[in-house]
Amino acid sequence: MARRIEATSAMLLVTYRDDEVGPLHPLAVVLGDLAGCPAQARYDLEPLSRSALARLAAGGPHDPAALHAITGGNPFFVTEVLAAPEPGMPATVREAVIGRLGRLPPRAREVVEAAAVAGPSAPIELLGAVVTDAERVVDEVLAAGVLEEAEATRLAFRHELARAAVLDCIPSIRRRRLHALLLSALRASTAGPAPDLSRLAYHADEAGDAEAVLAYAPAAAAHASGLGAHREAAAQFARALRHAGAAPTEQRATLLEGHAFASYMTGLVPDAIESWDAAGRLRHALGDTLREGDDLRWCSYMLWLLSRNREARERGIEAVRLLECGGPTLELGRAHVNVAEQASFDCDMPTTADHAERAVDVGRHIGDAGLVLRARFHAAIATVLSEDRGWEALEEVWRQAAAQDLVEHAGMFGPVISAVAMVHRDFRRAREYDERAVAFCRDYDLDMFLDYLRGARAMGLVHQGAWDEAAEAASAVLPLRSLPPVSRIFPLLALALVRARRGDPEVRPLLDEAATLGEPSDLVRMGPVWEARAEAAWLAGDDAAAVAEASRGMPAPGQGRDPWVVGACARWIRLAGGKPPTGPAAGPFALELNGDWAAAAEAWQRLGCPYDAALARLAGDAEAVAAAVAAFDALGAPAAVFRGRIRLKELGVRLGTRGPRATTRAHQYGLTAREQEIAGLLREGLSGPDIAARLFITPKTADHHVTAILRKLGAHSRTEALRKLDSP
């Protein structure tokens, strides 16, 4: 047909799977003959790209990056996974892979099965040690398209999903035997200086060889931890613990402590508490007071991270008392640091100073620089929180910790400094620390601190009026299962405030969850929660609730306080018509509470907080309030616009004479200039993403504008909105 087709009016369409056509396949001869045919046009179908996968998986439970990793972009695998009603291996994929495997001779099938058990790729030499004559049947396996050459001496599956399908059809007894054979082969071939400890531990685990697991998994965990790969370290310690039931008590306690620390570093705080608690009981049984006290101190710290402050304080003091009997040790110094840390975030200056000083004395006595730096950090953070000074001391401590490779200390210092700077509206400092802390945490797999930093960043974007970015940042952090309570507060508040200010639904569940994440008296953590809940109540028109919520953020007599947090809550009491108790307030909050609204508004503008500047102007004259209403309208805060208009009425200003811009006032439905522009694009039939691309805004911003248009027109759909706009 190829020789004659040019003389016909026919078109011949031929498809084949190139991964099934090797050099010995009969079709290879035909393809060779066609190579010189001038009428031939060839089209190679490439795998689906990552962006294509993202579009196909949009709105579903699958992560596009993970989907691409397991399918390699193979369209058949992708569509079958997406269409499967339940997670796991789709039956169609399994059957397709098994069908291809069934066409292989027995020895070739054994090679494929061994390769599947060995991992994503395997040396041909290793497969030869497990399967007789493996090298001889490699060509058959490659020609069938099941495996491909990853390198000159390695075989790999084209798609991870195909490997999983092969594993799925290997009987468990045979799979276990293959793991044992591979373990034996690896042991024989890894007599060199750098054996693959992780792979040895994996095969030992799958083979059920407890002795080998306990030999390799802890070593693999130590190696991973040394590289800063704490997720891998936690997994290896967990693997070892599954096989440690008959191990000596000392060994089990050590494994538990290793697992606890690695879990903490990756943000799995509940797992860390469970392991340290179990290790502490084993240490008590062994009579090891030193390690028992240290495990108790770790439990205290983990409980504090979960906002279980009362339990944390009790265990922290108990750890100090237990360890004081042993003289100046590293464990005693850490116990003092733990108490100082918790006191510093309570703004309890005397307790912080006492235990920090005792920790420094111990650190200098035993020559531990990390202990001294940690104690100095908490003494400095207490000063910054309580008095809004001492930033230079914090900076110096952080710099020294990073320079001395004190990973845990430096990893924690940066995010905390950035978050406190954000609460104190020092955004330049917050951004600087944010960038440095992110780089450090990523280098060392410090997810615990990185996730906290992301949430604090979202809250800072709220304060700066970047609400789209804030909502996106918060929404990216909140689904993380490993996120502890201390790291959930800021993203919950950021998302709730954006929704409340825009008049969007689902505000209350976010604020209610935030209220459960700490003890009410913990004002450093919970003060922003009471502040946000007060604002949401005020925006909803419930002044009594606003006063009640904000009052919860005011310190009790004698209690330490952060003047920025106190000032924020006092402002909402004042805005809602209450009388805030006298107390220290910082920054523009102090100006607001002293009645100098103009200076406060100017100060907020200098800090880059347009919403706060507009709130300050609500206490001014009619012109100032009108400017506030215009600012709220520009930010897309309809509830605040409504409150501003009420204030204008109280000042005797007739509604409509001030507030919205001229273009907005002139429009029949009060659409802003931007909303009128978007309405025009809706007439063209553009979707949300198309509108975003046309106007160089994010899709979420476009959706918010469309929602505002529908609300102003009282329409339930775009079609209805356009009909109203086009009607005379």
Counted residues in region 346-368 being open to solvent by 50 Å² or more (accessible area, probe 1.4 Å) and small (Gly, Ala, Ser) come to 2
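Just checking, how many residues over region 262-273 are in a helix (DSSP H, G or I) and open to solvent by 10 Å² or more (accessible area, probe 1.4 Å)?
Number of matching residues: 3.
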Residue that is most open to solvent (accessible area, probe 1.4 Å) [pool: residues in region 557-576 that are assigned to a loop (DSSP other than H, G, I, E, B) and over 12 Å from ALA534 (Cβ atoms)]: PRO557
Within region 69-107, track down each residue that is more than 16 Å from VAL146 (Cα to Cα), out of contact with any Asp or Glu (no Cβ under 8 Å at 6 or more places or on another chain) and of a type in the set (Val, Ile, Thr). VAL78, THR79, VAL81
Screening ASP277, ASP271 for residues that are under 27 Å from CYS325 (Cβ atoms) and of a type in the set (Asp, Glu) leaves only ASP277
Checking the conditions here, which among LEU446, LEU461, LEU453 is closer than 29 Å to GLY333 by Cα, without any contact (Cβ under 8 Å) to a residue 40 or more places away in the chain, out of contact with any strand residue (DSSP E or B) (no Cβ under 7 Å at 6 or more places or on another chain) and among the hydrophobic types (A, V, I, L, M, F, W, C)? LEU453
Which pairs do you get when a residue that is charged (D, E, K, R), found in region 96-121, comes within reach of a residue that is in a helix (DSSP H, G or I), reach meaning Cβ atoms under 7 angstrom, with the pair 6+ apart or on two chains? ARG100/ALA144; ARG103/ALA144; ARG107/VAL137; ARG109/LEU101; GLU113/VAL166; GLU113/LEU178
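Applying the selection to region 503-534, what residues are of a type outside the set (A, V, I, L, M, F, W, C), in a helix (DSSP H, G or I) and surrounded by fewer than 19 Cβ atoms within 10 Å (Cβ to Cβ)?
ARG508, PRO509, ASP512, GLU513
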Among (1) surrounded by 18 or more Cβ atoms within 10 Å (Cβ to Cβ); (2) more than 30 Å from ALA343 (Cβ to Cβ), there is one condition ASP596 misses while meeting the rest; what is its number? (1)
Has region 697-719 got at least one residue that is under 26 Å from ALA624 (Cβ atoms), at pLDDT 80 or above, within 40 Å of the chain's Cα centre (by Cα) and of a type in the set (Gly, Ala, Ser)? yes
Got a number for residues in region 614-634 being buried (at least 22 other Cβ atoms within 10 Å of the Cβ), touching a Lys or Arg at 6+ places or on another chain (Cβ under 9 Å) and not aliphatic (A, V, I, L, M)? 1
Return the total of residues in region 544-554 being open to solvent by less than 50 Å² (accessible area, probe 1.4 Å) and more than 32 Å from the chain's Cα centre (by Cα). 2
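Is it the case that some residue within region 18-27 is among the hydrophobic types (A, V, I, L, M, F, W, C), open to solvent by 40 Å² or more (accessible area, probe 1.4 Å) and closer than 30 Å to ASP133 by Cα? Please lay out each step first, then the result.
If we filter region 18-27 for residues that are among the hydrophobic types (A, V, I, L, M, F, W, C), which is where we start, we get 21, 24, 27.
Now restrict to residues that are open to solvent by 40 Å² or more (accessible area, probe 1.4 Å): 24, 27.
From what is left, the residues that are closer than 30 Å to ASP133 by Cα are 24, 27.
Yes: one or more hits.
Does LEU483 satisfy the criteria of being part of a helix (DSSP H, G or I) and not β-branched (Val, Ile, Thr)?
no
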Only listed residue being out of contact with any Phe, Trp or Tyr (no Cβ under 6 Å at 6 or more places or on another chain), among the hydrophobic types (A, V, I, L, M, F, W, C), within 27 Å of VAL269 (Cα to Cα) and outside any helix (DSSP H, G or I), chosen from ALA246, ALA224: ALA246
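Tell me, please, whether a residue that is under 26 Å from ALA708 (Cβ atoms) and without any contact (Cβ under 8 Å) to a residue 60 or more places away in the chain can be found in region 584-602.
Initially, region 584-602 is screened for residues under 26 Å from ALA708 (Cβ atoms), giving 601.
After this cut, where a residue has to be without any contact (Cβ under 8 Å) to a residue 60 or more places away in the chain as well, the list is 601.
Scanning region 584-602, I find at least one residue that is under 26 Å from ALA708 (Cβ atoms) and without any contact (Cβ under 8 Å) to a residue 60 or more places away in the chain, so the answer is yes.
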What number goes with the only condition from (1) within 30 Å of ALA692 (Cβ to Cβ); (2) surrounded by 24 or more Cβ atoms within 10 Å (Cβ to Cβ) that PHE413 does not pass? (1)
In region 440-479, how many residues are farther than 22 Å from LEU406 by Cα and open to solvent by less than 50 Å² (accessible area, probe 1.4 Å)? 19
Within region 675-692, tally of residues that are in contact (Cβ under 8 Å) with a residue 24 or more places away in the chain and surrounded by 18 or more Cβ atoms within 10 Å (Cβ to Cβ): 4
Output the number of the condition that HIS259 fails; it satisfies all remaining conditions of (1) open to solvent by 20 Å² or more (accessible area, probe 1.4 Å); (2) touching a helix residue (DSSP H, G or I) at 6+ places or on another chain (Cβ under 6 Å); (3) in contact (Cβ under 8 Å) with a residue 40 or more places away in the chain. (3)
Where residues in region 274-333 are open to solvent by 50 Å² or more (accessible area, probe 1.4 Å), within 34 Å of the chain's Cα centre (by Cα) and of a type outside the set (Asp, Glu), which of them is nearest to ARG252 (Cα to Cα)? ARG281
Which pairs do you get when a residue that is closer than 19 Å to LEU575 by Cβ and of a type in the set (D, E, K, R), found in region 644-661, comes within reach of a residue that is at pLDDT 85 or above and part of a loop (DSSP other than H, G, I, E, B), reach meaning Cβ atoms under 7 angstrom, with the pair 6+ apart or on two chains? ARG647/LEU618
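Touching a helix residue (DSSP H, G or I) at 6+ places or on another chain (Cβ under 9 Å), of a type outside the set (Asp, Glu) and more than 30 Å from GLY367 (Cβ to Cβ) - does that describe any residue in region 405-419?
Our first condition is that a residue be touching a helix residue (DSSP H, G or I) at 6+ places or on another chain (Cβ under 9 Å); within region 405-419, this holds for 406-419.
When the remaining residues are screened for being of a type outside the set (Asp, Glu), the result is 406-407, 409-419.
Add one more test, that the residue is more than 30 Å from GLY367 (Cβ to Cβ), and what stays is 418-419.
Yes - at least one qualifying residue is present in region 405-419.
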What number of residues within region 620-655 satisfy the criterion of being closer than 18 Å to GLY670 by Cβ and not in a helix (DSSP H, G or I)? 5
How many of the residues in region 41-59 are surrounded by fewer than 11 Cβ atoms within 10 Å (Cβ to Cβ) and assigned to a loop (DSSP other than H, G, I, E, B)? 8
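The values are calculated or read from the model by the stated rules, or taken from the named source; none is laboratory data. Keep in mind it's a predicted model, so treat the numbers as computed, not measured. Here the Cβ is made from the backbone with ideal geometry for all residues, glycine too, and neighbour counts use every protein chain on show. Just the protein is used for accessible areas: all its heavy atoms, side chains included, with ligands, DNA and RNA removed. Shrake-Rupley method; radii C 1.70, N 1.55, O 1.52, S 1.80 Å.
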